[in-house]
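Scroll down for the structure; my scribbles are underneath it.
The values are calculated or read from the model by the stated rules, or taken from the named source; none is laboratory data. On a predicted model such as this, the values are computed, not experimentally measured, just so you know. Because the Cβ atoms are built from the backbone with ideal geometry, glycine has one as well, and the counts that use them run over all protein chains shown. Remember, those area values only see protein heavy atoms, side chains included, never the ligands or the DNA or RNA. Shrake-Rupley method; radii C 1.70, N 1.55, O 1.52, S 1.80 Å.
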Amino acid sequence: MGRTFPCSIGRGGILPARAKREGDGATPAGVHRFVGMLYRPDRLSAADLPDWALPFGPSDLWSDDPRDPDYNLMVRAPHGWSHERLTRPDPIYDLILLTDWNWPQAEPGRGSAIFVHTWRRPRRATAGCVAFARADLIWIANRIRHESRLVIRG
């Protein structure tokens with residue numbers, strides 16, 4: 001749409017998809033589909049987002065344990081495997097665009113939770129996600145279509 005946005009990537013830089021591993025902090029190169037959008041209803045209004053965005057709450061987690069049968073999937077608390085809590089005290093997960101990286105049939109250890117979310121501050125590295133300023137992320141979220149892709153070049 002003719003717009004360019006500054007973003008943050010993983011502290012491990014950009015790796016070829018075949019080299020991506022759980023915990024390496026790298027952002028996987030490639031063309032990734034958007035497969036979902038989650039938001040915190042206590043911090044964002046559904047009216048400001050597309051109608052396909054889904055709210056999440058305190059019981060919602062994301063499995064990041066390669067041994068977990070639900071690895072790289074959203075799960076509910078209590079959950080006996082390693083996971084990320086989606087309701088963080090900071091605002092970085094207030095809006096999450098889910099990508100198809102290692103999803104839906106996750107290969108254990110190939111990396112999980114490669115999201116697009118809000119950055120902590122300009123260009124501060126992520127754990128492997130792509131992050132934008134909040135206003136830019138909301139602008140992008142409202143323009144995603146079925147054919148939209150996240151293109152990461154290494």
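Legend: calculated FRET efficiency, SER59 to ARG134, from the Cβ-Cβ distance at R0 = 35 Å, rounded to 0.05, equals 0.90. Over all alpha-carbon pairs in segment 84-154, figure out the percentage whose distance exceeds 14 Å. Value for segment 84-154 (Cα pairs over 14 Å): 64 percent.
About the centre of its Cα atoms, the chain shows a dipole size close to 640 debye [charges on the beta carbon of Lys, Arg (+1) and Asp, Glu (-1) only; nearest 20 debye].
Counting DSSP beta bridges with both partners in the chain, what percentage is antiparallel, nearest 5?
On the way: 18 of 26 bridges.
For the chain, the DSSP antiparallel bridge percentage is about 70.
Its Cα gyration tensor gives the chain an equivalent ellipsoid, and the semi-axes of that ellipsoid, as √(5λ) in whole Å with the largest first, are 22, 20, 14. Stretching ARG3 away from HIS146 to a fully extended chain increases their span by 49.6 nm, per 0.36 nm per residue minus the current alpha-carbon distance.
For segment 23-154, the residue among PHE132, HIS146, PHE115 whose Cα projects farthest onto the positive side of the dipole built from Cβ charges is PHE132.
Can you give the helix-only mean residue ellipticity at 222 nm for the chain, where every DSSP H stretch with n ≥ 4 adds -39500 (n - 2.57) and the sum goes over all residues, rounded to the nearest 500 deg cm²/dmol?
Mean residue ellipticity, 222 nm, calculated: -1500 deg cm²/dmol.
Nonpolar atom fraction for segment 77-154, defined as the carbon and sulfur part of the 1.4 Å probe accessible area, stands at 51 percent. What net charge is computed for the residues neighbouring ILE144, neighbours being all others with C-beta under 15 Å from the C-beta of ILE144, Lys and Arg scored +1, Asp and Glu -1? Neighbour charge sum, excluding ILE144 itself: 0. Evaluating kT/(6 pi eta Rh) at 4 °C and 1.567 mPa s, with the Kirkwood radius of segment 2-71 over Cα pairs in the Stokes-Einstein relation, gives 85 µm² s⁻¹.
Can you give the net charge of the other residues whose Cβ lies under 11 Å from the Cβ of LEU38, counting K and R as +1 and D and E as -1? In short, -1. DSSP bridge analysis restricted to segment 36-95 gives an antiparallel fraction near 80%, rounded to the nearest 5.
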